[in-house]
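The values are calculated or read from the model by the stated rules, or taken from the named source; none is laboratory data. Values in this document were obtained by computation on a predicted structure and should not be read as measured data. We place every Cβ from the backbone using ideal geometry, glycine too, and count neighbours over all the protein chains shown. The accessibility values were calculated without ligands, DNA or RNA, using every heavy atom of the protein model including side chains. Shrake-Rupley method; radii C 1.70, N 1.55, O 1.52, S 1.80 Å.
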Amino acid sequence: MIKPSKIINLLGISALAMTTLGVANAQSDANYNRISFSVEAKTEVDNDEMRATLTKTTEAKTAKEVAKTLNDTINNALAIAKKYPDVIATTGRHSTYPRYGSNNSITGFTGNASIQIKSQNFEQSSQLIADLQTMMALDHLSFNVSDKTRDNLKKQLTLDATKQFQEEAATISQAFGAKDYKIVNVQLGNNNNNYYSDAMPVAMSMSREKSVGIENLSLESGKATLSYNASGTIELIR
């Protein structure tokens with residue numbers, strides 16, 4: 001025979017189980033009417049910034065000689081760059097390493113140093129590159145959208161993405177026969193991977209003797225596509 005206290009406990013457990021089940025069903029019903037989706041706002045703009053890397057490579061018997069040649073070259077390059085006020089020139093990588101002979105002894109040293117330039121003034125930056133190629137090799141040349149342009153476009157892309165999200169939410173609720181909808185959550189942001197450019201980067205590795213003048217290169221900045229995402233969940237109101 002079951003004692004009264006045990007019967008009370010069993011009834012309490014049963015009531016708790018039914019309450020828990022009721023909450024779970026309510027949550028399930030609420031989630032059943034929720035739909036998640038995402039939209040993307042895009043715009044096409046001109047690549048308005050040129051970036052380039054020029055490198056000096058040299059060899060000598062001592063590391064001191066290598067360092068002097070590299071330092072002199074970089075200092076001269078930066079002095080030339082000052083003639084072009086719209087171009088930003090900064091020092092890049094700088095390394096020196098030994099060369100070994102057949103008997104594993106050091107036979108000399110090799111070193112390289114680079115400068116990086118960026119500018120929205122294509123005429124000045126192209127001329128600077130041409131000047132510097134008398135002493136350095138052009139390793140890389142590319143075009144991209146400047147940070148200033150990205151910042152200017154961010155507000156409009158945000159508004160466009162938000163509007164698209166609301167329009168898509170209204171379309172979805174109508175398609176499912178709902179009277180209305182409410183936004184459960186939404187995330188806004190630009191994806192760094194959502195940047196597409198049709199400008200072909202110029203990657204080069206050449207000695208001074210084989211260096212090609214910038215005037216011989218066909219430079220087209222091309223266009224880029226910037227995008228901004230809006231993703232989230234809505235709940236249909238029946």
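What to note about this one:
- Flag if L78 is touching a residue at least 60 places away in the same chain (Cβ under 8 Å) and surrounded by 13 or more Cβ atoms within 10 Å (Cβ to Cβ): no
- Selection count where residues are surrounded by 14 or more Cβ atoms within 10 Å (Cβ to Cβ) and not in a strand (DSSP E or B), scope region 173-190: 3
- Tallying residues that are over 14 Å from M136 (Cα atoms), in contact (Cβ under 8 Å) with a residue 60 or more places away in the chain, part of a strand (DSSP E or B) and open to solvent by less than 30 Å² (accessible area, probe 1.4 Å) within region 42-66 yields 3.
- Of the residues screened, H94 is one that is outside any helix (DSSP H, G or I) and surrounded by fewer than 16 Cβ atoms within 10 Å (Cβ to Cβ).
- Residues satisfying the stated conditions in region 142-168, i.e. open to solvent by 40 Å² or more (accessible area, probe 1.4 Å) and among the polar types (S, T, N, Q): N152, Q156, T162, Q164, Q166
- In the set (1) within 30 Å of V45 (Cβ to Cβ); (2) open to solvent by 30 Å² or more (accessible area, probe 1.4 Å); (3) in a strand (DSSP E or B); (4) modelled with pLDDT of 95 or more, the condition left unmet by D139 is number (4).
- Failed item, numbered, when L153 is tested on (1) farther than 23 Å from S227 by Cβ; (2) part of a helix (DSSP H, G or I): (1)
- Here Y100 passes the criteria (1) among the hydroxyl-bearing types (S, T, Y); (2) at pLDDT 95 or above; (3) open to solvent by 90 Å² or more (accessible area, probe 1.4 Å) except the one numbered (2).
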